[in-house]
1. Let me spell it out: the conditions are (1) part of a loop (DSSP other than H, G, I, E, B); (2) within 19 Å of Glu32 (Cβ to Cβ), and Ile73 meets all of them except one. Which number is the exception?
2. What number of residues within region 125-148 satisfy the criterion of being open to solvent by 50 Å² or more (accessible area, probe 1.4 Å) and of a type in the set (Lys, Arg)?
3. In the list Arg116, Arg122, Arg91, which residue meets the criterion of being in contact (Cβ under 8 Å) with a residue 60 or more places away in the chain, surrounded by fewer than 16 Cβ atoms within 10 Å (Cβ to Cβ) and not small (Gly, Ala, Ser)?
4. Taking region 76-95 on its own, how many of its residues are aliphatic (A, V, I, L, M) and not in a helix (DSSP H, G or I)?
5. Confirm whether Glu9 is at pLDDT 90 or above, on the phi < 0 side of the Ramachandran plot and open to solvent by 80 Å² or more (accessible area, probe 1.4 Å).
6. Could you list, ordered by first residue, the pairs with Cβ atoms under 6 Å in which the first is in region 131-150 and within 16 Å of Gly31 (Cβ to Cβ) and of a type in the set (Lys, Arg) and the second is assigned to a loop (DSSP other than H, G, I, E, B) and open to solvent by 50 Å² or more (accessible area, probe 1.4 Å), at least 6 apart or interchain?
7. Output the residues belonging to region 109-132 that are in a helix (DSSP H, G or I) and touching a strand residue (DSSP E or B) at 6+ places or on another chain (Cβ under 9 Å).
8. In this structure, does Thr99 turn out to be of a type in the set (Val, Ile, Thr), part of a strand (DSSP E or B) and open to solvent by less than 70 Å² (accessible area, probe 1.4 Å)?
Amino acid sequence: MEITPITLENRSVINEFLMKHWYSTDMVVCGEKIDITKSDGLAVFSHGEITALLTYRIKPDHTCEIISLNSLIENRGTATKLLQKVFDIARTYSCKTVTVMTTNDNLKAIGFYQKRGFDMTRLHYNSVEKSRKIKPEIPLIGDYGIPLRHELEFEYVLKI
């Protein structure tokens, strides 16, 4: 498996993937609109097709924030390898932590991040309501029929 950084050469394919899987190239996190066409990221390709993608940004406070993570083929370690690579990148920017936000309905993500050492640090109560004002296509009901209301913040403390 080869992990490829997002570049100008593959950006259009990346953007198409984002549109297909997120229905937009804008992500709204706690009421902040993020244009992920400008985010850094890592992709895994198989036979010319993206099978996994992680986007992130390095914030001024030296926190690395994961903005999106998709892995189309589960249980093969691909998403974990993307996480390990973003941890290495974060260290090069002197980041102390890597954070990620997910919604209360995303049970797979909640389990995934906790199994890999992330700790839940904040509950952003009813924050999805605020985000819907910016991105109205966010559904009312999420995965497993769970009402989509809150954002959960997870943090991984990087070991030096």
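The values are calculated or read from the model by the stated rules, or taken from the named source; none is laboratory data. Since we're looking at a predicted model, the values are computed, not measured. All Cβ positions, even for glycine, are placed from backbone atoms using ideal geometry, and neighbour counts span all protein chains on display. Accessible surface areas use protein heavy atoms only, side chains included; no ligands, DNA or RNA. Shrake-Rupley method; radii C 1.70, N 1.55, O 1.52, S 1.80 Å.
1. (2) is the only condition that Ile73 fails.
2. The number of residues fulfilling the criteria is 2.
3. Arg91
4. Of the residues in that region, 0 qualify.
5. For Glu9, the condition - at pLDDT 90 or above, on the phi < 0 side of the Ramachandran plot and open to solvent by 80 Å² or more (accessible area, probe 1.4 Å) - is met.
6. So the pair list comes out as Arg149/Asn126.
7. Result: Ala109, Ile110, Phe112, Tyr113, Gln114, Ser127, Val128, Lys130, Ser131, Arg132.
8. So Thr99 passes the test.
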